[in-house]
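Quick notes on the structure that follows.
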Amino acid sequence: MVRVEVAVYDLSRGLASSMSQQILGQRIDGIWHTGVVVYYSTGTLEYYFGGGIQCSAYGIFSANQGLYPVQLLTMGETQQSKESLEQYIASISHRFTAMTYDLLTNNCNNFSDTICQFLVGRGIPSYIVDLPNIVMSTPGGQAFRPMIEQMQQSVRMQHGSALPFGGYNSSNNSNTFSSSYSSSSSSSSSSSTTTTTTSNVLIKANIEESPLVSSDNSAATVKALSMKIIGLPGLEEDDKIAINNIVEAITSTPINYGKLTQIEFNTIHKIMTNYKQAEMASLFLFRLMVIPKETSSRSIACINDIVNRISNAEGGGGGGSFNSVSSLVMALCSLANFISHDSGIGYAYSTYSSSSSGNGNDNNNSSSSSTVFSNAVSSNGTVGSSGNGNGNGNGTVSVGHEEVLDVKVSSGNGEEGGKGGVPLMNKLLDAALKLSTHSRNEVRQMVSALLYNIMLIHTSNSNNDSNSNSNSNSNDRELPQEVVELLITCVQTSHGTETDKLVQKRKLSIVLRALRSYPGAAELLRDLEYDVSLGGVRSDINDDESKIVNEIFYHISNTNTNI
């Protein structure tokens, strides 16, 4: 007898539970993809429908997609052998091809349902199989459909990663066992080996080397949310024109930042602040507006307001000063996107003040010329010059990652505005750390993406010391305070307390990036007994996470390592 489970993945990574109420009029918990996991004595295999019927060692799909099960459903045990299962799959392969795929009637979950019927005599839960029909039966279902199809397309293509925040893309999976079945094909097999390491041998794990960016700009979804804004009672005609300009700009590929003037940013800020019923919709649009580095100076007033409001959010289960958890999630997405490029990073490490009260009631013709940025970063790590931030691009503080590493915070009173202010990044980090224990998975997922992007700022050049602007040996680099705070948070919310697999992996990756860049990180983690807590990781850790954990152990055991 062989154990059978169904791995359930949320392709939306928490966004469906956050946005569905606003768009559909009812909450759905996820956009489900499933795979049938069979625990053969020769190895655990996962069968799923993606660009044809696929089979791989369990964990390979997660590694390729950067996506981890939110649930493992126990289906029972089967007497069917691997050979009989694959003969059955070959007999039904004509039903599950790229050409026969249909969102409503013939998707990955229909395949899992069919396979489970064969193996254990019962199908998967109806709430998974019936999800597309549930969505389509709602008033906003047609607006949500393109988002579902786009997410499922990422699985069918077998490349890239699902939005909003993808994991690393791997095209070289030495352990992959994958085959597309046809009625004339013979079954193929391969053994899967688990990479291991000792404290004396380093095998580097694959972790994301680029910032995590939330970039889903499905035209149908953007249009549906923008109509919600345009339909607000009392909204001025100029505001409606600005919203239409935003929609046109952010649904272009690439984003047409030339159409995103200060007027558009002032408008979205005003709506975000004054119309609670459209708060989530405006934040959904805003997170796309900050992706181009050219818009950084125009977005800073709104970014500063978001940071202040997140600072007031509680680590419990609500949205804090935001109208809903959905709005809080979109706000965190916006911040992660803002610091995904050097221009946003430069502003984040600057002190910010403005004569505006920040209530969103700015005149649309305002150039925000009263906004002042005091650059907290310079090439020698001291407080530097200021830019005018007037929205024409001249206020952009262009700062390389290595310059950011030595940032010094002014010793003022910590209050916003004026000389002696605290850089925005300090407030941003404090707010994000407070939310790292939020009860909602989708909030913690977005917090982990934001924290990962912050760690990238400090470590992106760690593997290429020859390009570093630092005059000191990398072995002598002191741990920046931000890195220390990130590591302490990862230790305090490690495997023993974190239940979400995606958050779990990102925190492991944050720790690993620090260890690769700062030898002092190993000493700190030993003092915090992090290696002890990792020794008790749960038995369901996948191969991808196992490689990260193994490399973490290596670095903690070899203090003088310099990669």
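The values are calculated or read from the model by the stated rules, or taken from the named source; none is laboratory data. Values in this document were obtained by computation on a predicted structure and should not be read as measured data. Using ideal geometry, Cβ is built from the backbone for each residue, glycine included, and neighbour counts are taken over all protein chains shown.
Restricting the stretch 514-563 to residues that are in contact with an Asp or Glu (Cβ under 9 Å, 6 or more places away or on another chain), modelled with pLDDT of 85 or more and not in a loop (DSSP other than H, G, I, E, B), the residue that is farthest from residue 44 (Cα to Cα) is 520.
Listed here are the residues, each with its yes/no results for (1) surrounded by fewer than 21 Cβ atoms within 10 Å (Cβ to Cβ); (2) among the acidic types (Asp, Glu); (3) within 25 Å of residue 507 (Cα to Cα).
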residue: 20; (1), (2), (3): no, no, no
residue: 37; (1), (2), (3): no, no, no
residue: 52; (1), (2), (3): yes, no, no
residue: 60; (1), (2), (3): no, no, yes
residue: 67; (1), (2), (3): no, no, yes
residue: 74; (1), (2), (3): yes, no, no
residue: 79; (1), (2), (3): yes, no, no
residue: 98; (1), (2), (3): yes, no, no
residue: 101; (1), (2), (3): no, no, no
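When 143, 162 are screened for being part of a loop (DSSP other than H, G, I, E, B), closer than 30 Å to residue 213 by Cβ and either within 29 Å of the chain's Cα centre (by Cα) or at pLDDT below 60 (or both), only 162 passes.
Name the single residue that is modelled with the highest pLDDT among those in the stretch 240-284 being part of a helix (DSSP H, G or I) and aromatic (Phe, Trp, Tyr). Here the residue is 265.
For the stretch 291-298, the criterion of being under 29 Å from residue 350 (Cβ atoms), out of contact with any His (no Cβ under 7 Å at 6 or more places or on another chain), not hydrophobic (A, V, I, L, M, F, W, C) and not in a helix (DSSP H, G or I) is satisfied by at least one residue. Could you tell me whether residue 473 is modelled with pLDDT under 85 and either touching a strand residue (DSSP E or B) at 6+ places or on another chain (Cβ under 6 Å) or closer than 19 Å to residue 556 by Cα (or both)? So residue 473 does not fit the description; no. Restricting attention to the stretch 510-525, the residues that are charged (D, E, K, R) and out of contact with any helix residue (DSSP H, G or I) (no Cβ under 6 Å at 6 or more places or on another chain) add up to 2.
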